[in-house]
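Each value in this text was obtained by applying a stated rule to the coordinates, not by laboratory testing. Note that this is a predicted model, so its numbers are computed, not measured. Positions of Cβ are backbone-derived with ideal geometry, glycine not excepted, and every protein chain shown enters the neighbour counts.
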Amino acid sequence: MALESTKIAEESLDPEDWESMRALGHRMVDDMLTYLQTVRERPLWQPMPEDVRSFLGEAAPQEGAPPEQVYEQFKQNILPYPMGNIHPRFWGWVMGTGTPFGMLAEMAAATMNPNMGGGDHAANEVEKQVLSWLKEMVGFPGDASGLLVSGGSMANLVGLTVARNTMAGYNIRKEGVAAAPKPMRIYASEETHSSVQKAAELLGLGSDGVHKIPVNKDYEIEVEALKAAIAADRAAGLQPFCVVGNAATVNTGAVDDLNALADICKSEKLWYHVDGAFGACVAIAPRSKSMVKGMERADSVAFDLHKWLYMPFEIGCTLVRSEEAHRRAFSLSPDYLVHMPRGIAAGTSWFSEYGVQLTRGFRALKAWMSFKEHGFAKYGRMIQQNIDQGKYLADLVEAAPELELSAPAPLNIVCFRYVDASKDDAALDEANREIMMRLQEEGIAAPSYTTLNGRFVLRAAITNQRSRREDFDLLVREVIRLGKEILS
Ligand SMILES: Cc1ncc(COP(=O)(O)O)c(C=O)c1O
């Protein structure tokens, strides 16, 4: 029987009309670049109208629509209501802004759409090259290992998994945590990011697996308290295995004494992990790099490229000093993933053997293209600029009688609040909360918040490549205006 393949109506998702798709693509690139170019002229944030919310609640489309129409829906209903983090006056949480070339690199990466789990193709070499540049950035040796991941939380999880598996003293991958002869403990300051606790929970150590150490008045880990805690836990029959150092803390930008922690880990034979989500990048800031000295002695470092290297979400990185330990923690080669001597399945190191994911996206390309576009020296200057802006803002706060600096601001995070001697703390908490929400609702600026010494404070975390000093002048002016308005 002859095969009648020509009579079967087969479909594809490629456009029937490539020329109209090309025209739409050009228009989209144009629109997106204009959107970035004019971001300063728009309000930072605006609430979504009800009709937009209900549009975004519609049921799944069963039939398709022309791409032009879908794009119009995006432009009308989604694009005008951003989170705001690409705006020059966004300093909430610890975010990043992205860049125009980073955006275009994402398009190129999605076009190639390789699976970065492994194999012999150029994209894998790109990730290896980016990792070697990042090792140099943090002062790790060239033969260290690494992996690009979704962000700092995943980077901490990967690093702490290697720590747990390496330090357990038995085959924990096979036998699980239930077989641990003694409960295992991680040590980290009270100011450590919640992702470390989350990692401990996911690793079966429980939140009790993180022994939280008090901080000094500068929010840095109390080194003597750490030593005492390790000794007490050992005496109580627990198994200390890892210390997490902060470079820097999410609340105030405090940097732990990274060299002291390295010394303790060496003498106590503990794994040394540094959470450098944003602070690791200070290693290239010309006048501030000494602040993170000691980080290069870690066994593993976790950090983000989507925060203080301003790359589009998502991209983080874990570096691990011992390639062997890193591989041993994750490598698994079932029959269908065995490496071949030649062809696509060749290659010695497959990234899927160094982390959680098998299928992985080409996030390396935006890093590779961005580093080549600007060079590490410019990134260093940008980070330094943000640190200098942090100092500028802290000085403005200290110069204003209506404001109070709530914590030391050693780096790029400034915590402050509106004060009024005639009001009590509860009233000031309420007023500052209201100031923050109005700043956001009026689309002016976006600091976020935290609680320090039981008080609600405004918090500006400056990892923004678009901010200028005049933006901080405006922030201070507007906080004072709103504070007066609210408390009058
Ligand atoms: C110190 C610190 N560690 C970890 C994280 C988590 O990183 P991500 O949000 O990229 O998962 C953050 C996020 O702000 C952070 O500031």
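The GluC sites (Glu not before Pro) of segment 59-154 that DSSP puts in a loop, and whose beta carbon has at most 13 other beta carbons within 10 Å, are Glu63. Full extension of the chain between Glu442 and Val223 yields a length gain of 74.4 nm, computed as 0.36 nm times the residue separation minus the alpha carbon distance.
Grab the other residues whose beta carbon is less than 12 angstrom from that of Ala23, score K and R as +1, D and E as -1, and report the net. The answer is -2. Taking other C-beta atoms within 10 Å as the exposure proxy, Ser467, Ser267, Ser349 rank Ser267, Ser349, Ser467 from fewest upward. Taking the Cα centre of the chain as reference, the dipole from Cβ charges on Lys and Arg (+1) and Asp and Glu (-1) amounts to some 1520 debye.
Counting alpha carbon pairs within less than 8 Å and at least 6 residues apart, what relative contact order, in whole percent, applies to segment 16-139?
Once divided by the residue count of segment 16-139, the mean separation gives 24 percent.
Rounded to two decimal places and with Rh computed the Kirkwood way over Cα pairs, what is Rg over Rh for segment 187-315?
Computed over Cα atoms, the ratio is 0.97.
The simple spin-label model puts a point 7 Å past each Cα toward its Cβ; for Met28 and Asp263 those points are separated by 5.6 nm. The residue list Gln69, Gly102, Leu56 was ranked by how far each Cα lies along the charge dipole of segment 1-142 toward its positive end, using unit charges on Cβ atoms, and Gly102 comes out on top. On the beta carbon distance between Val356 and Phe376, with R0 = 25 Å, the FRET formula returns roughly 0.30. For Ser488 and Ser331, the difference between the fully extended length at 0.36 nm per residue and the C-alpha to C-alpha distance is 50.2 nm.
In this structure, the pairs whose alpha-carbon distance is over 31 Å, taken from Lys135/Lys227; Lys293/Lys372; Lys128/Lys182; Lys128/Lys289, are Lys128/Lys182. Assign one of three labels to segment 346-488, namely rounded, prolate or oblate, based on the Cα gyration tensor with a ≥ b ≥ c the square roots of its eigenvalues; rounded applies when a/c is under 1.5, prolate when it is not and a/b is larger than b/c, and oblate otherwise. Prolate. Ordered by the count of other Cβ atoms within 10 Å of each Cβ, fewest first, Met436, Met32, Met382 give Met32, Met382, Met436. Residues whose amide H falls under 5 Å from that of Ile213, counting only those 5 or more places apart or on a different chain, are Ala188, Ser189, Glu190, with hydrogens built in the peptide plane. Between segment 226-264 and segment 19-86, the C-alpha centres lie 46 angstrom from each other. Of the residues Ile172, Ile480, the one with the fewest other Cβ atoms within 10 Å heads the list, and the complete ranking is Ile480, Ile172.
Amide H to amide H distances under 5 Å link Gly245 with His273, Val274, Asp275, where only residues 5 or more positions off or on other chains count and H is placed in the peptide plane.
One decimal place: the segment Lys174-Ala426 gains 85.4 nm when fully extended, by the rule 0.36 nm per residue minus the C-alpha distance. Here each label is just a point 7 Å from Cα along the line to Cβ, and for Glu125 and Gln69 those points are 4.6 nm apart.
Normalised by the number of residues in segment 346-488, the average gap of Cα pairs under 8 Å and 6 or more apart makes the relative contact order 22 percent.
Chymotrypsin sites (Phe, Trp or Tyr not before Pro) within segment 166-264: which are DSSP loop residues with at most 16 other Cβ atoms inside 10 Å? In loop regions of segment 166-264 (DSSP not H, G, I, E or B), the sparsely surrounded chymotrypsin sites (Phe, Trp or Tyr not before Pro) are Tyr170.
When only Cα pairs under 8 Å and 6 or more residues apart are kept, what is the percent relative contact order across the chain?
Relative contact order here is 21 percent.
Between the beta carbons of Glu58 and Arg469, assuming R0 = 41 Å, the FRET efficiency works out to 0.40 to the nearest 0.05.
Distant-in-sequence amide contacts of Met184, defined by a placed amide H-H separation under 5 Å and a gap of 5 or more residues or a different chain, comprise Gln239. Cβ-Cβ distance of Asp14 and Ile78, R₀ of 25 Å, FRET efficiency by 1/(1 + (r/R0)^6): the value works out to about 0.55. Note on the chain: Kirkwood radius taken over Cα pairs, Stokes-Einstein applied at 25 °C and 0.890 mPa s, translational D equal to 99 µm² s⁻¹.
Taking the Cα centre as origin and putting +1 on Lys and Arg beta-carbons and -1 on Asp and Glu beta-carbons, what dipole magnitude results for segment 22-143, to the nearest 20 debye?
400 debye
Each stretch of four or more DSSP H residues adds -39500 (n - 2.57); spread over every residue of the chain, this sum gives -13500 deg cm²/dmol at 222 nm.
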